[in-house]
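> The structure under discussion is supplied below as structure tokens; questions concerning it will follow.
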Amino acid sequence: MSEDGTAGSGGAGARIRVLIADDHPVFRDGLATLLEPHPDIEVVARAADGAEAVALAAEHRPDVVVMDIQMPEVNGIEATRRVLAADPSIGVLVFTMGEDDGTLLSAMRAGARGYLVKGASQEEVTRAITAVHAGGVVFGASLASRIGELLSPSPARTATEFPMLTEREREVLDLIAAGRSNAQIAAELFLAPKTVRNNVSAILSKLQATDRAEVIIRARDAGLGQRG
């Protein structure tokens, strides 16, 4: 296993540099042992928790991080956000025990490009790593049939979850969840900046949210913020 910290060249024939993050040493080391003989994959680092995964990703600049969800210090969802905030070119493949809808959605919204449930075969794992490295999106067979529906925003669900908001406020909320600033929202909806500020204040009040960050989290959990 190479741990020299040298970034991969990304050229033709270059091996895919992988960081494994999992708090269970038997699984972490076992997966590394399975992957290392692969001619196209090189395990460059292993992390025992989310915080270490973030640090090692910054140090080694892997092509792909194989990320567990339930880890101490920093969980895999937050670690994924931090890794990608520092280097969006890294592909994150979540590899965990759970396949519940909430965990799957959280992982995808954090920026993961793949999601496998532990128990997948060695061939499935190597194929997923290769696909994520190539820019693809990968889901285990048990998840593929659900992912489209889960990631599609549902207007009916939004109205049901935020019945106290007006239609205009829901439009503004959707753009807030997509990361737009007040100025960008004003331009996109052809509204005066003051009108947008008033709508944002009303949303915060009606949702009893303490700040914009809390509003974004709740809106994204409801399926909003999926605009490009």
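> What number of residues in the stretch 49-60 are crowded, with 19+ Cβ neighbours inside 10 Å and of a type in the set (G, A, S)?
3
> Sticking with this structure for a sec: Of the conditions (1) under 16 Å from R113 (Cβ atoms); (2) modelled with pLDDT of 95 or more; (3) hydrophobic (A, V, I, L, M, F, W, C), V43 fails just one. Which one is it?
(1)
> Conditions first: (1) touching a Gly at 6+ places or on another chain (Cβ under 9 Å); (2) open to solvent by 10 Å² or more (accessible area, probe 1.4 Å); (3) over 24 Å from D221 (Cβ atoms); (4) in a loop (DSSP other than H, G, I, E, B). P39 passes all but one, so which condition is the exception?
Going through (1) touching a Gly at 6+ places or on another chain (Cβ under 9 Å); (2) open to solvent by 10 Å² or more (accessible area, probe 1.4 Å); (3) over 24 Å from D221 (Cβ atoms); (4) in a loop (DSSP other than H, G, I, E, B) one by one, P39 breaks only (1).
> While we're here: Which one of these is in contact with a His (Cβ under 7 Å, 6 or more places away or on another chain) and crowded, with 19+ Cβ neighbours inside 10 Å: D68, D63? Walk me through it before giving the result.
On the way: D68 fails: in contact with a His (Cβ under 7 Å, 6 or more places away or on another chain).
It is D63.
> Cβ-Cβ below 8 Å, separation at least six or inter-chain, first residue in the stretch 168-197 and touching a residue at least 40 places away in the same chain (Cβ under 8 Å), second open to solvent by 50 Å² or more (accessible area, probe 1.4 Å) and among the polar types (S, T, N, Q): which pairs?
Listed pairs, sorted by first residue: L175/Q184; A178/Q226.
> Something else: Are any of the residues in the stretch 90-107 at positive phi, part of a loop (DSSP other than H, G, I, E, B) and open to solvent by 10 Å² or more (accessible area, probe 1.4 Å)? Walk me through how you get there before you give the answer.
Residues of the stretch 90-107 at positive phi: none.
Among the residues of the stretch 90-107, not one is at positive phi, part of a loop (DSSP other than H, G, I, E, B) and open to solvent by 10 Å² or more (accessible area, probe 1.4 Å), which makes the answer no.
> I'd like to know if the stretch 116-134 contains one or more residues that are modelled with pLDDT of 85 or more, of a type in the set (D, E) and closer than 28 Å to G30 by Cβ.
Yes: one or more hits.
The values are calculated or read from the model by the stated rules, or taken from the named source; none is laboratory data. The model shown is predicted, which means the values in this text are computed figures rather than measured ones. Neighbour counts run over all protein chains shown; Cβ positions are idealised from the backbone, glycine included. With ligands, DNA and RNA removed, areas are computed over all heavy atoms of the protein, side chains included. Shrake-Rupley method; radii C 1.70, N 1.55, O 1.52, S 1.80 Å.
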